[in-house]
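What follows is a single structure, written as structure tokens, with notes after it.
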Amino acid sequence: MNMKSDTKSISVELPAEVISKIEAISEATEHSVDWVISRALKIYLLNEGGDVLNSIEGRDQIARGEFVGIDAVIADLERLIK
């Protein structure tokens, strides 16, 4: 049972090659396999996953009417240029 209140457990199947690499990194860095996997997922979420999450948020903002139309943007740019 996981004692940390801010964590959840999941079960995932990974290719044997990926597991071997994770285990090698774990051994070389003296970090647990859990730590290596968690770190890899956090980095993914900051990069590629972050792009997906930002797209979702942008779509939700548009659905809520929280956006500026292109005409207003062009008008602001023209004011700045002058």
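Summary of values
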quantity	calculated
Residues (loosely packed, with under 11 Cβ neighbours inside 10 Å and in a helix (DSSP H, G or I)) located in segment 21-32	Ala28
Selection from segment 1-20 of residues that are within 22 Å of the chain's Cα centre (by Cα) and surrounded by 10 or more Cβ atoms within 10 Å (Cβ to Cβ)	Leu14, Val18, Ile19
Residues located in segment 56-82, provided they are farther than 27 Å from Thr7 by Cβ and not hydrophobic (A, V, I, L, M, F, W, C)	Gly58, Arg59, Gln61, Arg64, Gly65, Glu66, Gly69, Asp71, Asp76, Glu78, Arg79, Lys82
Subset of segment 48-62 that is under 8 Å from the mean Cα position of the chain (by Cα) and not small (Gly, Ala, Ser) - its residue that is surrounded by the most Cβ atoms within 10 Å (Cβ to Cβ)	Leu53
Any hit, segment 68-75, residues being surrounded by 10 or more Cβ atoms within 10 Å (Cβ to Cβ) and either touching a Cys at 6+ places or on another chain (Cβ under 6 Å) or polar (S, T, N, Q) (or both)	no
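The rows are residues; the columns are (1) β-branched (Val, Ile, Thr); (2) in a helix (DSSP H, G or I).
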residue	(1), (2)
Thr7	yes, no
Asp34	no, yes
Arg39	no, yes
Gly65	no, no
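None of the figures in this text is laboratory data; all of them are computed from the coordinates on show. Only a predicted model underlies this, so the values are computations on that prediction, with no experimental measurement involved. Every residue, glycine as well, gets a Cβ built from its backbone with ideal geometry; the counts of neighbours run over all protein chains shown.
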